[in-house]
1. Can you find even one residue in segment 411-423 that is under 20 Å from residue 520 (Cα atoms), out of contact with any helix residue (DSSP H, G or I) (no Cβ under 8 Å at 6 or more places or on another chain) and in contact (Cβ under 8 Å) with a residue 12 or more places away in the chain?
2. Checking the conditions here, which among 12, 26, 41 is closer than 18 Å to residue 121 by Cβ, at pLDDT 90 or above, surrounded by 19 or more Cβ atoms within 10 Å (Cβ to Cβ) and touching a helix residue (DSSP H, G or I) at 6+ places or on another chain (Cβ under 7 Å)?
3. Might you let me know whether segment 587-603 holds any residue that is at pLDDT 65 or above, touching a helix residue (DSSP H, G or I) at 6+ places or on another chain (Cβ under 8 Å) and not in a helix (DSSP H, G or I)?
4. Restricting attention to segment 29-38, which residues are touching a helix residue (DSSP H, G or I) at 6+ places or on another chain (Cβ under 6 Å) and assigned to a loop (DSSP other than H, G, I, E, B)?
5. Identify all residues within segment 513-530 that are surrounded by 15 or more Cβ atoms within 10 Å (Cβ to Cβ) and more than 35 Å from the chain's Cα centre (by Cα); write none if there are none.
6. Could you check residue 433 against (1) assigned to a helix (DSSP H, G or I); (2) buried (at least 16 other Cβ atoms within 10 Å of the Cβ) and say which number it fails?
7. Does residue 387 count as within 20 Å of the chain's Cα centre (by Cα), under 21 Å from residue 460 (Cα atoms) and touching a residue at least 12 places away in the same chain (Cβ under 8 Å)?
8. So, residue 376, is that one assigned to a loop (DSSP other than H, G, I, E, B) and either in contact (Cβ under 8 Å) with a residue 60 or more places away in the chain or within 24 Å of residue 305 (Cβ to Cβ) (or both) or not?
C-alpha cells in the first residue's frame, strides 16, 4: 500500500477510536479527498463515510425534518441547528463539506473507482441523514444532478446507480423528481443558449470574431447533448409502474417499507371523498394498535406514477439527438404510454414527430396507434399520415424492415374501410414498379394481403368494361386506326399533326384506358383508387427479376375464398436483398438443364454430314432436308476473293 494510503488509514483509525477527541482529523481527511493517489482518496472516502454516518445515527449532527413529498427540508429546523453547541455546528459544517466534495468527485474527471466509492458514500449518507426510516431527497437529487450535468461521470458510476439503487422505491421517486427538475433546467438553458447565439450572429460582423464566438456555443451544445443522453439513460432504467401494480413486495433503500415504518402520503390532487376515506383507514389502523408510520410520497403508487410521467413529459421538451429520438419513440410505445396517468398528453409530441418522416414518423404513428386503440384518442388523420409515409425512399431506408412491420400491423385490421384498403393496395402496386426487386416483392405481398382481408377490393384485379364502355373502346380503336392511316398516307403540316395528337390524347384520357387513380392526392379517401384497377400487377408479371414475376402468381388465386387461401408471410420478404436473391438463383437446381446431345457427332454446320447425311438410316434426315443442309454448307464454304479454296466432292467418302 502506498505511503499516502497508509497515512490516511492511520488517521481514520484515530478518528474512529475517539471521534470527539480527534474531530479535527476530519479536516485532514477532507483534504485527502483531493489526493492524486486513488487508493488514498478511496480510503478517505470510506473513513469519512463511517464517521459521519455514526454521527447521524447518534444525533450528533442536527437533523432537518424532511417533508413528506421528498422536497427541501423544513426551514423551521434551521433554528435548531443554530442553537446547537459549537462542536455540533462544526460537525455539521464538515458533513456539508464532505457531501460537496463527493459531488465534485462525481461530476469531475476523477478515476472510475473513486467515483463509484463517492456515489456509494452519498447514498449511504442519504439514508442516515434524516434518521431511521427516511431517505434524503436532497442528497439523492444532488447525486443525480452531478451524474447528469457534471459531464465527467464514469459509466461505472451510472451502472451502480441503475443496478443497485434505482430499483428501490424511495431512490426511484427522488431520482425521477430530480430528473424532471433537471429537464426543466436544461430546457431553459437550451432556450437561453439559442437566444444568445442568435444575438451573437446578429452582432458579429467580422469572420474572425465569429469563429472565436462559435467555440463556446459548440462546447455548451456538446455538454447539453451529453446531459440529455445521461438523462435518457436514467429514465430508461426506471421501471414503469402501471395502474394496479402491487407495491407490497417492493423494497426501499432506507428500509422503511420492509419494517413497516412508513405509510403512503395523501395525494393532494385526490378528491375530498378519497382523502376522507384514507384518513378513516389510518385512524382505524391506529385504533387497532398498529404503529403509526411516517407519511412518505414515495410509498404512494399514484404519486410514483405521476413522478414517472412528469419526468418523461419534461424530458420530451428537450432538443433530442437523432439516435436518442428513435430510442425515445421505441420506449414510449413499449413502457411509457401504459405507465402515464394521462397518456393522451403524449399526442402533441407524437404528432410533431410524424413530420420527421421515415422510421421516426412510423414509430410515432405506432405510438398514436396505441393511444387510439387502447386509450381512446381520436385521430381521424391516422391512415392519411400512414399513406404519406409510403414513398419510394421507404424501400431504400436502412430501417425499412421495422417500417413495413409496423405498416403491416396498422393495416391488419379488417375494420379498415374498403376505399382506404384499395388506396393502400394501389399505392403499394404503384411503388412496386419503381422499387428494387426486394421492395417489389414486399409490395406485392402487401397487395395480396390487403385484397384478401377486403374481398370488396377484388374488383381491382379484374374490372370488366360495361356494354357502353366496350362500344366506346371499339369506336376509339377504329378512330385511332383511321388517324394512323391518314397520318401515314397524307403529308400534313406540323400544326395539324400536333393538333391531331392532342385530340387523340384527350380521347384516350376520357376513355376506359385512363387510370382515374390520383397518385399525388395525399388523402386516400380522395385518391379514387376504388374506381381504378391494378394494371401494375400485369406489368409486374414481366418483371426482369424472376422471383418477382413468380410471386405475382399468388394473385391469380381466388382471394375471396379465405378457407383455401392464406396471407403472404412478409417476414421472409422483408429480409430479402440483392445478395439473397442472387444466392437463391445461383443455388437453384434446374429440373431440365439444357444440354447439347447428338446421336452422332455432326459433320457439318446445318445437320447432314459429309458422308451420307441424306441417308435415312444414317442421319435420320429426309432427302429434302439433307439437300437444303448441303446447299447451306456449300454457301458457307464458297471461295472468297483472293483465296484458293478447294471444295470437297459432293458425295465424297
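The values are calculated or read from the model by the stated rules, or taken from the named source; none is laboratory data. Note that this is a predicted model, so its numbers are computed, not measured. Ideal geometry is used to build each Cβ from the backbone, glycine not excepted, and the neighbour counts take in all protein chains shown.
1. Filtering segment 411-423 for residues under 20 Å from residue 520 (Cα atoms) gives 418-423.
Still in the running and out of contact with any helix residue (DSSP H, G or I) (no Cβ under 8 Å at 6 or more places or on another chain): none.
Scanning segment 411-423, I find no residue that is under 20 Å from residue 520 (Cα atoms), out of contact with any helix residue (DSSP H, G or I) (no Cβ under 8 Å at 6 or more places or on another chain) and in contact (Cβ under 8 Å) with a residue 12 or more places away in the chain, so the answer is no.
2. Working: 12 fails: at pLDDT 90 or above; 26 fails: at pLDDT 90 or above.
Just a single option satisfies the conditions, and that option is 41.
3. Initial filter on segment 587-603 (at pLDDT 65 or above): 587-603.
Retained after the next criterion (residues that are touching a helix residue (DSSP H, G or I) at 6+ places or on another chain (Cβ under 8 Å)): 600.
Filter once more, keeping what is not in a helix (DSSP H, G or I): 600.
Yes, there is a match, as at least one residue in segment 587-603 is at pLDDT 65 or above, touching a helix residue (DSSP H, G or I) at 6+ places or on another chain (Cβ under 8 Å) and not in a helix (DSSP H, G or I).
4. Of everything in segment 29-38, those that are touching a helix residue (DSSP H, G or I) at 6+ places or on another chain (Cβ under 6 Å) and assigned to a loop (DSSP other than H, G, I, E, B) turn out to be 33, 35, 37.
5. Once the filter is applied, which keeps residues that are surrounded by 15 or more Cβ atoms within 10 Å (Cβ to Cβ) and more than 35 Å from the chain's Cα centre (by Cα), segment 513-530 yields only 515.
6. Condition (2) is where residue 433 drops out.
7. Values: within 20 Å of the chain's Cα centre (by Cα): yes; under 21 Å from residue 460 (Cα atoms): yes; touching a residue at least 12 places away in the same chain (Cβ under 8 Å): yes.
It is true that residue 387 is within 20 Å of the chain's Cα centre (by Cα), under 21 Å from residue 460 (Cα atoms) and touching a residue at least 12 places away in the same chain (Cβ under 8 Å).
8. The answer is yes for residue 376.
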